[in-house]
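Below is one structure; the comments refer to it alone.
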Amino acid sequence: MSDTLLEVRNLHVEFGDTVAVRDVSFSVARGETHCLVGESGCGKSVSSLAVMNLLARGGRRSAERLAFDGQDLPALPERRMAQLRGDRMAMIFQEPMTSLNPAYTIGSQMAEVYTRHRGGSRRAALDRAAGLLAKVGITAPGMRLGQFPHQLSGGLRQRVMIAMALMCDPELLIADEPTTALDVTVQAQILRLLAELQRDLGLAILLITHDLGVVARIAHRVSVMYAGQVVESGPTAALFADPSHPYTRGLLDCVPVPGKVRRDEPLGSIPGMVPRIRPGFQGCGFRDRCAHAAPVCAGEVPRQHGAGAHEFLCRLPPGWTAREQAA
Amino acid sequence: MSAAATLAPISVATTTPAIEVRNLRRTFHVGGGLLGQDREVVAVDDVSFALPTGGVLGVVGESGCGKSTLARVILGLLPPTAGEVLVEGQRLSALDRRARARLIQPVFQDPFSSLNPRRRIRDIVAMPLVAQGDVPARQVRDRVQEMLARVGLSAEQGERFPAQLSGGQRQRVAIARALVLRPRIVICDEPTSALDVSVQAQILNLLAELRRELDLTLLFISHNLAVVEHVASEVAVMYLGRVVERREAEALFREPRHPYTKALLASVLTPEPGLGVPDVGLGDTLPDPANIPPGCRFHPRCPVAEPRCATETPKSVDGAECLLLEGSGRP
């Protein structure tokens, strides 16, 4: 897939004297799902907010390139950026209860998105809203339009958020932990829905998650983030076939997998804690927790190229995992 | 048939079970709004089980299935509407708060809200001992030091406040507080759900070690089936207040019987690429504890329901309550 819709090259974000994101590069093609995966504080949400120019006060972003459909985003005035948001690029967040306005009905919130960006009558907007609610699998959409967010279950609210994000036919959907607050059964339904919508509408999806299970099942491409950096990236199958950054490997060992867990055997875990990265920090952010760390890890860390477009940031060469297993 | 008979202990316990729950029921009254009717919500409906000492019962189910209410009733934080809880053979209702605290202790989900932000860690951990009223101050100090060290916290960290610790460290504090009285039973309600996976693994490993060393009995509530499979010796699957399947953990995960258990297991997304997201077949009807369907309560969502499921109430067959298991065999 080469039809790049979103391109991020060497993104850097700082808050005060903390570096939240450093040298992050990724791209999302039309019809593709790209997952940013990592633990709290790794910079995955900040990266997506930086793309939308929605960083919290005090956040400073810089990037070699930040482009949506060829348009240079930092060069756009905020008015033009606001036009793009919610229109050609839309977002859904983790907790639909906090991102829906409790004082307005579902219908009026959905219609507002449309009339604001596209104009037209409220009636037409409501018709479109009803159609989209049906599309995301909500029964009796006409009745739902008149309901308030608190009258819906968590799964329904998340469907409403998705329908609302689709009001203006976005080309890029940024979904930040869209299923984390939901039951596993509902999570499966919502993820199937996203995959279906992608097929039907050719959506590009940037999905932010901490859940490697979600990543494995729906991503085309993955970027694993740690301490503000993309430490490993590549096509999903290649990355899971040979996870090569010690952090990625550690993270996978921590996840109990049904049918493969042994009771009374400890899970893998990563000792220590995520460091705070300050300006001027050099080298690998994982070195203090890494079993393979060496003095060179405090210097410039090379980017290693594995099979296909699989890359990782480490002193260890591609294929080290296989050699280690053989030894 | 009574539920106590249908859900008899799985292992043949020769001694008194650590926890025994008999026909437990807990309801809540919910106001229906301005003009609405007062409604009764059945959170726990006729639940019976016995858990032997040293066992780990994993309780799983979707939000609203009653698993947290069950935990609160067993902890004595909520009185049951009907039925009773026995802890090491003693009626929970006959024990005073101090005696209860010596037997059974909780670890909750959110280590941010379950620790008093204005107290030092050592004082938080000491609280259960101090509340007993008869433990000498020096002994309190020693036990707290010992417990902090045991959960992997330093004496220096004991001087800090909760806000100065990470989520994983706070959950270690909650575990230290729960164990400082050397209870026999610990009720863990989603103890790792608020944590990152790498920290979750540390906490699960710590709990497993402590359980073995101290011969603890655990009730482990989680929505994460993989976590439950890792820690539990037996599993209870709850749906709308009832335990619809309860069996030995290894057997349940290998060969689930109840269609709901099957759907839950099928929903788990393992980190295996290429498998896609499964169609669980539960449909869009969501369970409403204020409006429990007649017959089998799972029938509106069940992918294999038959007409009789809407009218007949299932009995437990080999640990699973499903009409299709009665008589002919498998659903």
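The values are calculated or read from the model by the stated rules, or taken from the named source; none is laboratory data. Remember, predicted model here, so these are calculated numbers, not experimental data. Neighbour counts run over all protein chains shown; Cβ positions are idealised from the backbone, glycine included. Side chains included, ligands, DNA and RNA excluded: accessible areas come from the protein's heavy atoms. Shrake-Rupley method; radii C 1.70, N 1.55, O 1.52, S 1.80 Å.
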Assess whether residue B:186 counts as being at pLDDT 95 or above and under 27 Å from residue B:236 (Cβ atoms). yes
Region B:170-196: number of residues that are out of contact with any Asp or Glu (no Cβ under 7 Å at 6 or more places or on another chain) and farther than 18 Å from residue B:88 by Cβ: 16
Residues located in region B:261-270, provided they are touching a strand residue (DSSP E or B) at 6+ places or on another chain (Cβ under 9 Å) and within 9 Å of another protein chain (Cβ to nearest Cβ): B:264
Could you go through region B:186-208 and let me know if any residue there is within 12 Å of the chain's Cα centre (by Cα), closer than 17 Å to residue B:63 by Cα and among the acidic types (Asp, Glu). yes
Using the structure shown, decide if residue A:254 is within 14 Å of chain B (Cβ to nearest Cβ), surrounded by 14 or more Cβ atoms within 10 Å (Cβ to Cβ) and closer than 30 Å to residue B:55 by Cβ. yes
Given (1) assigned to a loop (DSSP other than H, G, I, E, B); (2) acidic (Asp, Glu); (3) closer than 11 Å to residue A:246 by Cβ, identify the lone condition not met by residue A:300. (3)
Show me the strands (runs of 3 or more DSSP E) entirely contained within region A:1-114 in which 2 or more residues are buried (at least 19 other Cβ atoms within 10 Å of the Cβ). A:4-15, A:18-29, A:33-37, A:65-68, A:89-92
Matching entry among B:269, B:219, B:323, B:282 (being open to solvent by less than 20 Å² (accessible area, probe 1.4 Å), within 23 Å of residue B:73 (Cβ to Cβ) and touching a helix residue (DSSP H, G or I) at 6+ places or on another chain (Cβ under 8 Å)): B:219
Please verify whether region B:271-285 includes one or more residues that are within 30 Å of residue A:237 (Cβ to Cβ), within 12 Å of another protein chain (Cβ to nearest Cβ) and touching a Leu at 6+ places or on another chain (Cβ under 7 Å). yes
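Are any of the residues in region A:301-319 open to solvent by 90 Å² or more (accessible area, probe 1.4 Å) and more than 24 Å from residue B:198 (Cα to Cα)?
Here is the first cut: in region A:301-319, the ones open to solvent by 90 Å² or more (accessible area, probe 1.4 Å) are A:303, A:305, A:315.
Filter again for more than 24 Å from residue B:198 (Cα to Cα), leaving A:303, A:305.
Checking region A:301-319: at least one residue is open to solvent by 90 Å² or more (accessible area, probe 1.4 Å) and more than 24 Å from residue B:198 (Cα to Cα).
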Only one of these is without any contact (Cβ under 8 Å) to a residue 40 or more places away in the chain and within 13 Å of chain A (Cβ to nearest Cβ): B:229, B:209. Name it. B:209
Name the one entry in A:125, A:129, A:134 that is of a type in the set (A, V, I, L, M), over 22 Å from the mean Cα position of the chain (by Cα) and open to solvent by 50 Å² or more (accessible area, probe 1.4 Å). A:134
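Can we say residue A:227 is open to solvent by less than 40 Å² (accessible area, probe 1.4 Å), on the phi > 0 side of the Ramachandran plot and in the same structural domain as residue A:293 (by TED's automatic domain parsing)? Break it down stepwise before answering.
On the way: open to solvent by less than 40 Å² (accessible area, probe 1.4 Å): yes; on the phi > 0 side of the Ramachandran plot: yes; in the same structural domain as residue A:293 (by TED's automatic domain parsing): yes.
Taking the combined requirement at face value, the residue satisfies it.
Is it the case that some residue within region A:280-290 is in contact with a Ser or Thr (Cβ under 6 Å, 6 or more places away or on another chain), part of a helix (DSSP H, G or I), surrounded by 16 or more Cβ atoms within 10 Å (Cβ to Cβ) and within 12 Å of chain B (Cβ to nearest Cβ)? Full working, then the answer.
The initial filter retains those residues of region A:280-290 that are in contact with a Ser or Thr (Cβ under 6 Å, 6 or more places away or on another chain), namely none.
No, there is no match, as no residue in region A:280-290 is in contact with a Ser or Thr (Cβ under 6 Å, 6 or more places away or on another chain), part of a helix (DSSP H, G or I), surrounded by 16 or more Cβ atoms within 10 Å (Cβ to Cβ) and within 12 Å of chain B (Cβ to nearest Cβ).
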Within region B:180-206, the residues that are more than 14 Å from chain A (Cβ to nearest Cβ), open to solvent by 10 Å² or more (accessible area, probe 1.4 Å) and under 29 Å from residue A:251 (Cβ atoms) are B:189
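Pick from region A:163-185 the residues that are free of Cβ contacts under 8 Å to residues at least 40 places away in the same chain and within 14 Å of chain B (Cβ to nearest Cβ): which of them is surrounded by the most Cβ atoms within 10 Å (Cβ to Cβ)? Walk me through how you get there before you give the answer.
Initial filter on region A:163-185 (free of Cβ contacts under 8 Å to residues at least 40 places away in the same chain): A:169, A:179, A:182-185.
Remaining after also requiring within 14 Å of chain B (Cβ to nearest Cβ): A:179, A:182-185.
On the way: A:179: 25, A:182: 23, A:183: 21, A:184: 22, A:185: 21.
Applying the filter and picking the extreme gives A:179.
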Give the residues of region A:126-145 that are aliphatic (A, V, I, L, M) and touching a residue at least 24 places away in the same chain (Cβ under 8 Å), sorted by residue number. A:129, A:132, A:133, A:136, A:138, A:145
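Across region A:83-115, what is the number of residues that are of a type outside the set (S, T, N, Q), without any contact (Cβ under 8 Å) to a residue 60 or more places away in the chain and over 16 Å from residue A:132 (Cβ atoms)?
5
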